[in-house]
Amino acid sequence: MAQSQEAAAGGTPPAAIRTELLERRYGRHVALRGLSLAVPRGSVFGFLGPNGAGKTTAVKLLLGLVRPTGGEGMVLGLPLGEPAARRRIGYLPELFRYQEWLSGREVLEAHAALAGMQRGRRRAAAEEALATVGLSGEGLRRVGAYSKGMQQRLGLAVALLGDPELVVLDEPTSALDPVGRHDVRTIIQDLRAKGTTVFLNSHLLTEIEAVCDEVAVLDHGRVIAQGGLGSLLQAKGVDVEVEGVSQEEIGRLGGTWSAPRNASFPELAEGDVPELVARLVALGGRIHGVTRRRASLEQRFLDWLEVR
Amino acid sequence: MLEICRLTVVESLRRRLTLALFAATLLLVGLTGWAFSEIGRLSSLQGVERLMQFSVLLLFLMLLFTGMLALTAVFTAAAAVAGELESGVAAAILARPLRRGAYLFGKWLGLAAVVGGFALLAGAGELLIVSRVAAFAPPQPVAALALITAQALLMMTLSLALATRLSAVTSAIISTVAFFLVWMLGTVDLMGVALNYPTLMTVGEIGKILLPTNALWQAAEYYLEPGSLVAATQGLGLGGNPFLAIGPQPPAVLIWAGVWAGIVLALGIWGVVRRQI
Ligand SMILES: Nc1ncnc2c1ncn2[C@@H]1O[C@H](COP(=O)(O)OP(=O)(O)OP(=O)(O)O)[C@@H](O)[C@H]1O
Ligand SMILES: [Mg+2]
C-alpha cells in the first residue's frame with residue numbers, strides 16, 4: 001500500500017535498509033568493516049557468513065543496539081539509532097531471552113505496549129502472533145517453563161507482533177526442530193507475500209536458499225559476494241549423456257569424458273546448450289540426457305571463502 | 001516508561017520479592033514490639049533515664065533497619081538492572097521505540113515503588129508498635145520515616161546506576177561497601193565535632209558529599225529523639241555518640257541528597273545509553 005504508492009510516485013522505491021561503509025570496531029578488533037548494503041523493500045534478504053563474520057554486529061547496528069564507529073545508514077527511511085524507526089521493526093535476537101516470570105502472552109502484550117499499540121488491540125495481536133508461531137495453547141504458561149525451541153518461537157512471535165514493515169531475524173531456527181524450521185520457512189514466505197521486508201541472518205545455507213531473493217556473504221567483517229540468489233548460483237557447464245560420438249570429437253567441442261557415455265563441457269555458457277546438442281546429433285550422437293550445472297549454495301559458499 | 005515501571009513491579013511480585021519483604025516487615029515489627037515490652041517490664045529506670053533508654057533502643061533498632069533497607073535496595077536494584085541487561089531480555093526491549101533513558105527511569109520508578117513502599121510500611125510499623133507497647137512516641141515520626149525512605153532510595157539509585165555497566169554482584173558489593181564506609185566516616189565526623197578535630201570533620205564532610213546516606217540518617221535520628229532528651233543532654237559532652245543526634249541537620253543536606261540522586265541517576269542513564277547491548 002504505502003510501498004506501492006512510493007514506488008508509483010516515481011524512480012526506484014526507497015530501500016528498507018541502506019548502509020554506507022558501516023563499521024564497528026571493538027578496540028583494535030574490527031567486527032564489521034565498510035558494510036554497504038541496499039535491501040529493497042518487500043524482499044527477503046539473506047545475510048550469510050561463517051562464525052564471527054560480523055552478522056550479528058551488523059544487525060545490532062541496524063537496530064541501534066550498538067553504535068557504529070564509522071559510516072552511516074538508514075532503516076525504513078530514518079537514520080540508525082532513531083527510536084521512531086524501531087516502531088515498525090520486529091526483531092528476534094540471536095541470544096533470545098524473555099522475562100521468565102511472565103506468561104508468553106504477557107511478554108507479547110508488554111512488547112505490544114512498548115511498540116505503542118493501543119491497549120484494546122494488544123490481547124488480540126498477542127494471540128495472533130502466538131498462533132502464527134504454533135504456540136496457541138501455551139500462551140498462559142510461564143516463559144520460564146518453556147523449552148528452548150518454544151522460547152525461540154516466542155521470540156519469533158515477538159518479532160512478528162503487530163505486522164512490522166521490517167522483520168529482522170538473527171538465526172531464527174538455531175533451536176528449532178525440523179518441523180519448526182519448516183514453519184519458519186512458511187512464515188517467511190507469508191511475510192514476503194504480505195510485502196514485508198525480511199532480513200535473515202543465517203549460516204544455514206539450505207534455509208537461505210529456500211527463501212531468499214538476495215544474499216550478501218560476509219567474512220571477517222567484509223562483504224565478499226552480494227547479489228540475487230539466481231545469479232550467484234548460476235554456474236557454467238553442462239553434462240551430456242551421449243553415445244556414438246568419439247572422444248576426439250567431444251574434445252573438439254571443448255568437452256571431456258567423465259565416465260562412459262558421460263561427456264562434460266565445463267566452460268559452456270547457458271545460451272550455448274541448444275547449439276551443442278544440435279552438433280552432437282549431427283555427429284550421429286544419441287543423447288540420453290543433458291544436465292545443466294547449478295552450484296549449490298554450499299559449494300559457492302566454500303568457493304567464496306577460499307578465494308577471499 | 002510506565003510499561004517498564006509496571007513490569008518492574010510485576011517482576012518483584014512474581015519473584016516473591018514483595019512477599020519476602022512483607023514477611024520481613026512482620027518479623028521486624030514483631031521483634032521490636034517484643035523487645036520494647038520486655039525492657040519496659042524489666043527496667044526500673046524512670047524519667048529522663050527511661051526516655052534515654054527507649055530512645056537509644058529505638059535508634060539502635062532503626063539503625064539496623066536502615067542497614068537492612070539499604071541492603072535490600074542495593075540487591076534489588078542491581079539484580080533488576082544488570083540481570084536484564086546481561087541476560088538479553090533488555091536487547092529485545094531496547095529494540096522497541098523506547099529511549100534508553102526512559103527505560104532506566106521506568107526501572108527506577110518501579111524499584112522506588114517497591115523499595116520505598118517497603119521502607120514506609122515497615123518503618124511505620126516499627127514506630128507504631130513502639131508507641132503502642134512502650135508509650136514512647138518520637139516527636140516527628142513522619143519526617144523521620146521520610147528521611148529513612150530517602151536513604152533507601154539513594155542506595156537504590158546508586159546500585160541501579162552501577163548495574164548499568166557492572167554485574168549485579170559487583171554493583172551490589174560496591175554500593176554496600178560505600179554505604180558502610182560512609183557510615184564510618186559519619187561517626188568519625190561526629191567524633192571530630194565532639195573533640196574539635198578539624199581533620200576528622202573534613203573527612204566526615206567529604207563522606208557526606210560523596211554519599212549523603214549517613215547524613216540523612218543523622219537527620220532522621222534527630223526527629224526520632226524526644227526534645228526533652230536532646231535538651232537534657234545538651235552541654236553534657238555526649239557528642240560523638242552515633243545513637244544520639246545533638247542537633248538537626250542543615251537543610252542543605254536534604255537539598256544535596258536530592259541533587260545527588262539526580263546526578264547519579266543521570267550517570268546511570270549515561271551508562272545505559274553508552275552501553276553496547
Ligand atoms: N562486544 C564485543 N566485544 C568484542 N568483540 C566483539 C563483541 N561483539 C562481537 N565481537 C567480535 O566481532 C566479530 C563479529 O561477531 P558477530 O557476533 O557479529 O559474528 P557473527 O557473524 O554473528 O557470528 P556467529 O555466526 O557465530 O553468530 C567477532 O570476531 C567477535 O569476536
Ligand atoms: Mg551471530
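The values are calculated or read from the model by the stated rules, or taken from the named source; none is laboratory data. Not measured: the values here are computed from a predicted model. Ideal geometry is used to build each Cβ from the backbone, glycine not excepted, and the neighbour counts take in all protein chains shown.
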Margin query: For the range A:29-65, which positions are farther than 17 Å from A:I208 by Cβ, more than 14 Å from ligand 2 (Cβ to nearest atom) and of a type in the set (A, V, I, L, M, F, W, C)?
Written below: A:V30, A:L35, A:A38
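Of everything in the range B:166-186, what is in a helix (DSSP H, G or I) and surrounded by fewer than 17 Cβ atoms within 10 Å (Cβ to Cβ)? Give them in sequence order. Working first, answer last.
Filtering the range B:166-186 for residues in a helix (DSSP H, G or I) gives B:168-186.
Scanning the range B:166-186 gives B:V169, B:T170, B:V177, B:F180, B:L181, B:M184.
Taking the condition under 13 Å from A:F47 (Cα atoms), within 13 Å of ligand 1 (Cβ to nearest atom) and at pLDDT below 90, does A:G227 pass? Talk me through it step by step, then tell me what you get.
On the way: under 13 Å from A:F47 (Cα atoms): yes; within 13 Å of ligand 1 (Cβ to nearest atom): no; at pLDDT below 90: yes.
Considered against the rule, which asks whether it is under 13 Å from A:F47 (Cα atoms), within 13 Å of ligand 1 (Cβ to nearest atom) and at pLDDT below 90, A:G227 comes out as no.
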Check: Looking only at residues in the range A:33-60 that are closer than 22 Å to A:G228 by Cα, in contact with a helix residue (DSSP H, G or I) (Cβ under 9 Å, 6 or more places away or on another chain) and within 9 Å of ligand 1 (Cβ to nearest atom), which one is nearest to the other protein chains (Cβ to nearest Cβ)?
Finding: A:F47
Notebook entry, point to check: Taking only pairs six or more apart or across chains, which ones have beta-carbon atoms under 7 Å, a first residue in the range A:93-104 that is at the interface with another protein chain (Cβ under 7 Å from one of its Cβ atoms), and a second residue that is within 16 Å of ligand 1 (Cβ to nearest atom) and in a loop (DSSP other than H, G, I, E, B)?
Noted result: A:P93/B:G88; A:L95/B:G88; A:F96/B:G88; A:R97/B:G88
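Taking the range A:257-308 only, how many residues are within 30 Å of A:N51 (Cβ to Cβ) and among the aliphatic types (A, V, I, L, M)?
Narrowing the range A:257-308 to residues within 30 Å of A:N51 (Cβ to Cβ): A:293-308.
This time we only want the ones that are among the aliphatic types (A, V, I, L, M), so: A:295, A:297, A:302, A:305, A:307.
Here the count works out to 5.
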Check: Failed condition for A:T173, given (1) crowded, with 20+ Cβ neighbours inside 10 Å; (2) outside any loop (DSSP other than H, G, I, E, B); (3) in contact with an Asp or Glu (Cβ under 9 Å, 6 or more places away or on another chain), with all others met?
Finding: (2)
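Does A:V211 fit the bill of being in contact (Cβ under 8 Å) with a residue 12 or more places away in the chain, of a type outside the set (S, T, N, Q) and closer than 12 Å to A:G46 by Cα? If you could, list the steps in order and put the result at the bottom.
Working: in contact (Cβ under 8 Å) with a residue 12 or more places away in the chain: yes; of a type outside the set (S, T, N, Q): yes; closer than 12 Å to A:G46 by Cα: yes.
For A:V211, the condition - in contact (Cβ under 8 Å) with a residue 12 or more places away in the chain, of a type outside the set (S, T, N, Q) and closer than 12 Å to A:G46 by Cα - is met.
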Note to self: For the range B:54-88, give me each residue that is free of Cβ contacts under 8 Å to residues at least 24 places away in the same chain and crowded, with 21+ Cβ neighbours inside 10 Å.
What the structure shows: B:E84
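Among the residues of the range B:86-94, is any touching a His at 6+ places or on another chain (Cβ under 9 Å), small (G, A, S) and either facing chain A (nearest Cβ under 9 Å) or closer than 21 Å to A:G155 by Cα (or both)?
In the first step, residues of the range B:86-94 are kept if they are touching a His at 6+ places or on another chain (Cβ under 9 Å); the result is B:92-93.
Next, only the ones that are small (G, A, S) stay: B:92.
Those still in the list that are either facing chain A (nearest Cβ under 9 Å) or closer than 21 Å to A:G155 by Cα (or both) too: B:92.
Within the range B:86-94, one or more residues are touching a His at 6+ places or on another chain (Cβ under 9 Å), small (G, A, S) and either facing chain A (nearest Cβ under 9 Å) or closer than 21 Å to A:G155 by Cα (or both).
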Notebook entry, point to check: Checking A:A157 against (1) of a type in the set (A, V, I, L, M, F, W, C); (2) more than 21 Å from B:S12 (Cα to Cα); (3) within 11 Å of chain B (Cβ to nearest Cβ); (4) touching a Leu at 6+ places or on another chain (Cβ under 6 Å), which single condition isn't satisfied?
Noted result: (3)
Notebook entry, point to check: Mind checking which pairs have a first residue in the range B:6-24 that is within 12 Å of chain A (Cβ to nearest Cβ) and closer than 12 Å to A:L102 by Cα and a second that is part of a helix (DSSP H, G or I) and among the polar types (S, T, N, Q), Cβ under 8 Å, 6 or more apart or different chains?
Noted result: B:S12/B:T18; B:S12/B:T76
Next item on the list: Taking the residues in the range A:22-32 that are within 11 Å of ligand 1 (Cβ to nearest atom) and surrounded by fewer than 24 Cβ atoms within 10 Å (Cβ to Cβ) as candidates, determine which candidate is nearest to A:L233 (Cα to Cα).
Entry: A:A31
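Among the residues of the range A:61-84, count how many are free of Cβ contacts under 8 Å to residues at least 12 places away in the same chain and either more than 7 Å from chain B (Cβ to nearest Cβ) or more than 12 Å from ligand 1 (Cβ to nearest atom) (or both). It would help to see each step written out before you state the result.
Here is the first cut: in the range A:61-84, the ones free of Cβ contacts under 8 Å to residues at least 12 places away in the same chain are A:65, A:78-79, A:84.
Pick out the ones that are also either more than 7 Å from chain B (Cβ to nearest Cβ) or more than 12 Å from ligand 1 (Cβ to nearest atom) (or both) and you get A:78-79, A:84.
So the answer is 3.
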Check: Since A:V179 meets every condition but one in (1) surrounded by fewer than 22 Cβ atoms within 10 Å (Cβ to Cβ); (2) under 18 Å from A:F47 (Cβ atoms); (3) more than 16 Å from ligand 1 (Cβ to nearest atom), which condition does it not meet?
Finding: (2)
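For A:V133, indicate whether it is away from ligand 1 (no atom under 16 Å from the Cβ), closer than 30 Å to A:R18 by Cα, more than 14 Å from chain B (Cβ to nearest Cβ) and at pLDDT 90 or above.
Details: away from ligand 1 (no atom under 16 Å from the Cβ): yes; closer than 30 Å to A:R18 by Cα: yes; more than 14 Å from chain B (Cβ to nearest Cβ): yes; at pLDDT 90 or above: yes.
Answer is yes for this residue.
Select from the range A:194-224 the residues that are of a type outside the set (S, T, N, Q) and part of a loop (DSSP other than H, G, I, E, B) and write down the one among them that is farthest from ligand 1 (Cβ to nearest atom).
Step one: of the range A:194-224, the residues of a type outside the set (S, T, N, Q) are A:194-195, A:198-200, A:203-205, A:207-224.
Then keep just the ones that are part of a loop (DSSP other than H, G, I, E, B); that gives A:195, A:203-204, A:212-213, A:220-221.
Working: A:G195: 27, A:H203: 6, A:L204: 10, A:C212: 17, A:D213: 21, A:H220: 8, A:G221: 7 Å.
Restricting to residues being of a type outside the set (S, T, N, Q) and part of a loop (DSSP other than H, G, I, E, B), the top hit is A:G195.
Against the condition within 28 Å of the chain's Cα centre (by Cα), at pLDDT below 95 and surrounded by fewer than 19 Cβ atoms within 10 Å (Cβ to Cβ), how does A:E82 come out, does it pass? Even if it seems obvious, please write down each step before you answer.
Numbers: within 28 Å of the chain's Cα centre (by Cα): yes; at pLDDT below 95: yes; surrounded by fewer than 19 Cβ atoms within 10 Å (Cβ to Cβ): yes.
Judged against the criteria, A:E82 is a match.
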Checklist line | Criterion violated by A:D163 - all others in (1) assigned to a helix (DSSP H, G or I); (2) away from chain B (no Cβ under 14 Å) satisfied | finding: (1)
Check: So which of B:A102, B:A73, B:A113 ends up being in a helix (DSSP H, G or I) and within 14 Å of chain A (Cβ to nearest Cβ)?
Finding: B:A102
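Could you please give the count of residues in the range A:177-200 that are more than 14 Å from chain B (Cβ to nearest Cβ) and within 16 Å of ligand 2 (Cβ to nearest atom)?
Restricting attention to the range A:177-200, the residues satisfying the condition of being more than 14 Å from chain B (Cβ to nearest Cβ) are A:177-198, A:200.
The next check asks that each one be within 16 Å of ligand 2 (Cβ to nearest atom); those that pass are A:200.
Of the residues in the range A:177-200, 1 are more than 14 Å from chain B (Cβ to nearest Cβ) and within 16 Å of ligand 2 (Cβ to nearest atom).
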Checklist line | Close pairs from the range A:166-187: first free of Cβ contacts under 8 Å to residues at least 60 places away in the same chain, partner within 16 Å of ligand 1 (Cβ to nearest atom) and in a strand (DSSP E or B), Cβ under 9 Å, at least 6 apart | finding: A:T173/A:S202; A:V184/A:L169
